Amino acid sequence: MRVLFVCLGNICRSPTAEGVLRHKLREAGLAGYVEVDSAGTGDWHVGKAPDERTCQAAQRRGYDLSALRARQVVAADFQRFDLVLAMDQNNLRDLQQLQPGSAVAELDLFLRRYQLSLDEVPDPYYGGEEGFEQVLDLLEQACDALLIELRGRL
Ligand code: 4NP
């Protein structure tokens, strides 16, 4: 199974989702069975490490995002991945535009797929510290639900 998380910049929400899912897969002994990546719909931060506030908030909960580097999503990702999970409705719309007719991947809104308290992961970039904690709270819950789905599909 191959899972791709997508947000706007690939420096806050989707790298956090990648780090959280990788961590949960390792704990579950499933790291060798699921490939995880993240990308942004925009190209402003390509090649950059995740946002410093994102890294620090993740580190406090035991997730190390320091090795991750931003990249932009490409149409070929729809052939390479089984699941492409968008963080918000804008990301989903941009991905629907990019999605080729021959897509293999299933495209979905990450939180809505698992009927969590919100449909979207709010963009924390221009807000305060609490936004980064909320991103982690939502993504930890959603990754728990995704892990259950992945176990069933492996
Ligand atoms: P992300 O957050 O989509 O969660 O990585 C953002 C990062 C950068 C910008 C916007 C959102 N930006 O406008 O540069």
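The values are calculated or read from the model by the stated rules, or taken from the named source; none is laboratory data. Just so it is clear, the structure is predicted and the values come from calculations on it, not from any experiment. Every residue, glycine as well, gets a Cβ built from its backbone with ideal geometry; the counts of neighbours run over all protein chains shown. These accessible areas exclude ligands, DNA and RNA; they are computed on the full protein's heavy atoms, side chains included. Shrake-Rupley method; radii C 1.70, N 1.55, O 1.52, S 1.80 Å.
Scaling the Cα radius of gyration of the range 64-154 by the globular reference 2.2 N^0.38 Å produces a ratio of 1.16.
Taking the empirical scaling 2.2 N^0.38 Å for compact globular proteins as reference, the chain has a Cα radius of gyration ratio of 0.94.
Does anything in the range 58-94 have its amide N under 14 Å from the 7 Å Cα→Cβ label point of ALA145, and if so which residues? Taking a point 7 Å out along Cα→Cβ of ALA145, the residues of the range 58-94 whose backbone N falls under 14 Å are 85-88. Scaled against the 2.2 N^0.38 Å expected of a compact globular protein of N residues, the Cα radius of gyration of the range 1-73 reads 1.04.
Solvent exposure of the range 76-154 amounts to 51 Å² per residue of accessible area, where only protein heavy atoms count and the probe is 1.4 Å.
Candidate membrane-span-like segments in the chain, meaning DSSP H helices with Cα atoms spread over at least 20 Å of their own axis and a Kyte-Doolittle mean of -1.0 or above, are 129-153, with no membrane implied. With θ taken as phi - 60° and the Karplus curve 6.51 cos²θ - 1.76 cosθ + 1.60 applied, the whole-hertz 3J(HN,Hα) list for the range 115-121 is 6, 7, 5, 10, 8, 10, 8 Hz, x standing for glycine and proline. Applying 1/(1 + (r/R0)^6) with R0 = 25 Å to the Cβ-Cβ distance of ARG69 and ALA103 gives a FRET efficiency near 0.50.
Pairs of Cα atoms nearer than 8 Å and 6+ residues apart set the relative contact order; for the range 58-154 it is 22 percent. Counting only protein heavy atoms and a probe of 1.4 Å, the accessible surface of the range 2-153 is 46% carbon and sulfur.
Label sites at GLU133 and GLN56, each approximated as a point 7 angstrom past Cα along Cα to Cβ, lie 1.4 nm apart. The calculated 222 nm mean residue ellipticity attributable to helices in the chain amounts to -13000 deg cm²/dmol, summing -39500 (n - 2.57) over DSSP H runs of n ≥ 4 and dividing by all residues.
Whole angstrom only: what separates the Cα centroid of the range 64-100 from the Cα centroid of the range 18-37? The range 64-100 and the range 18-37 have Cα centres spaced 18 Å from each other. Taken over the alpha carbons of the range 46-92 as equal point scatterers, the Debye sum produces base-10 log I(q)/I(0) values at 0.13, 0.31 Å⁻¹ of -0.43, -1.04.
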